[in-house]
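Heads up: the structure comes next, in structure tokens.
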Amino acid sequence: MSKASRVRAQSQTFTSLVNRSGILKNRYGSVLIFTHRQADPDALCSAYAVSQLLVKGYEDRHRISDVTRGSKIITPQGASMLGLSICKALSIPFDDKIDSAEIENADLIILVDVGDKELLEPYLVAITNSKAKKILIDHHSSTDAGTKTCCAEEIHPFDYIFVDSKATSTCEIITLGLPLKLLDQNLAKVLLVGLLYDSQHLAIATDKTLEAALKLVRNGARIDQAKELLRSRPERSEMIARLKSSQRLKYREIGKYLLAETQVSSFQAAVARMLLDIGADVGIAFGEHEDEVRISVRTTQRFFRETGIDMGVLLSNISRESGITGGGHSTAASISGKASSEALVGRIISDLMKALP
Ligand SMILES: [Mn+2]
């Protein structure tokens, strides 16, 4: 049994991970927290929570305050539009670039909400080579299903892994494992934003999500304020992308479901979501950007419930076979890389049809 899978087998709760890993006890000189590329609110808020947890946990145990420990949040290739606006509103600092030498010399590396190892590019090699102690905290089904071939085995060796694909957000995992004495009002506010974002404003909440949300609200966070922060009117460029993609829209019936596909050179995720808004059960938006095909797929909860088709797993399987990047969640996933968009969309649709019950 590899070191990674041994540790994974032991890891039962996030709280026990926190205790066993000693992250709150030990003093690390340099701590780097990585998110997936184009970080979204869940990635950024959970990274921020982890950085705060390190400071507060240490202060609490050592009964000293104002310990400045060098922890840095790194978002490879930047943050999404909404991610940027959330960081501005909540004063979450992050860097989108870092020196490989700094990664290799770090003492502790925590990867949160990563999804797929490729989403750490261009820092994957440096992270793999780093001597740092490494911890993974995630809720992506692609990480879970692919743990053997995904992060765990390739970024050797992970010292601690906590992946719960039933959690609707990484913020939910962190909230439930967070000691109450470390949860102040600011941290509660931040975590609720990430939790609401990835749980689609609680639309796909489980009992655990609600339990976490309640814990945050009881500690000073407010649902209305968090929702307000997440409500951002799309930019004009996104509106135009939506309208253009509507001109090119095609649909077909697959069994009793409706599948809509369209081509658009940017904003694929927003466009795929829009396809569901106008009635599709499956929305596929594809396009080329800087020599790379990008495809976003969204399905309705009803489609997932009735068919059991997990798009995160489906796209992560295709990506592994074709040597490109892909994965995500059961109803929201994406795939990208050097490939023909026509062939890739064709493959996704044919795998989908084969998987239909
Ligand atoms: Mn997430």
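Computed from the coordinates by the stated procedures, all read-outs in this text should not be read as laboratory data. Here the structure is a predicted model, which is why all the values come from computation and not from measurement. Here the Cβ positions follow ideal geometry from the backbone for every residue, glycine too, while neighbour counts run over all protein chains shown.
For the Cα trace of the chain, dividing Rg by the Kirkwood Rh returns an Rg/Rh value of 0.96.
Put simply, the amide H of Ser80, placed in the peptide plane, has neighbours under 5 Å in Ala39, Asp40, leaving out anything fewer than 5 places away on its chain. Placing unit charges on each Cβ (+1 for Lys and Arg, -1 for Asp and Glu) gives the range 237-355 a dipole about its Cα centre, and among Thr262, Ala285, Gly308 the Cα reaching farthest toward its positive end belongs to Gly308. Residues of the range 185-199 with an amide N closer than 13 Å to a point placed 7 Å from the Cα of Lys227 along the Cα-to-Cβ direction: 196-197. Taking every alpha-carbon pair within the range 237-355, the share separated by more than 20 Å comes to 33 percent. Sequence-ordered 3J(HN,Hα) estimates for the range 198-208 from the Karplus curve with 6.51, -1.76 and 1.60 and θ = phi - 60° stand at 7, 8, 6, 6, 6, 4, 10, 4, 9, 4, 5 Hz, glycine and proline given as x. What the Cβ-Cβ distance of Glu342 and His201 gives, at R0 = 25 Å and to the nearest 0.05, is a FRET efficiency of 0.10. Per-residue Karplus couplings for the range 38-53, computed as 6.51 cos²θ - 1.76 cosθ + 1.60 with θ equal to phi - 60°, are listed in order as 6, 3, 9, x, 5, 4, 5, 5, 6, 4, 5, 4, 5, 5, 5, 4 Hz, Gly and Pro entered as x. Residue separation of Leu180 and Asn105 scaled by 0.36 nm, minus their Cα-Cα distance, works out to 23.7 nm of gained length. Working from Cα pairs under 8 Å separated by at least six residues, relative contact order for the chain is 13 percent. Peptide packing: for 250-261, 102-113, 161-172, the average count of neighbouring Cβ atoms within 10 Å per residue gives the ranking 161-172, 102-113, 250-261, highest mean first. Among 337-343, 125-131, the peptide with the highest mean count of other Cβ atoms within 10 Å heads the list, and the full ranking is 125-131, 337-343. Sorted largest first, the principal axis extents computed over the alpha-carbon atoms of the range 176-301 equal 53, 34, 26 Å.
Taking amide H atoms as placed 1.01 Å from N in the peptide plane, the amide H of Val163 lies under 5 Å from those of Asp138, each 5 or more residues away in sequence or on another chain. Applying 1/(1 + (r/R0)^6) with R0 = 35 Å to the Cβ-Cβ distance of Arg218 and Lys250, what FRET efficiency is obtained, to the nearest 0.05? After rounding to 0.05, the efficiency reads 0.15. How high is the FRET efficiency between His289 and Ala355 when r is their beta carbon distance and R₀ equals 30 Å, given to the nearest 0.05? Efficiency, from the Cβ-Cβ distance: 0.60. For the cross-link pairs Lys97/Lys117; Lys256/Lys354; Lys166/Lys215; Lys117/Lys256, which exceed 24 Å when the distance is taken from alpha carbon to alpha carbon? Those over the limit are Lys117/Lys256.
Helix 268-277 and the long axis of the chain differ in direction by around 60°, with both axes built from C-alpha atoms.
Rounded to whole numbers, the Karplus 3J(HN,Hα) couplings from phi for the range 174-179 are 5, 4, 5, x, 7, x Hz, using 6.51 cos²θ - 1.76 cosθ + 1.60 with θ = phi - 60°, and x at Gly and Pro.
About its Cα centre, what dipole magnitude does the chain give when the only charges are +1 on Lys and Arg Cβ and -1 on Asp and Glu Cβ, stated in debye to the nearest 20? List each step's numbers first, then the result.
Values: 45 positive and 43 negative charges, 152 e Å.
With only Lys, Arg, Asp and Glu charged at Cβ, the dipole is about 740 debye.
Using a Gaussian network model of the chain in which every pair of alpha carbons under 10 angstrom is joined by a spring, one finds that among Val217, Val190, Val297 the greatest mean-square fluctuation is at Val217.
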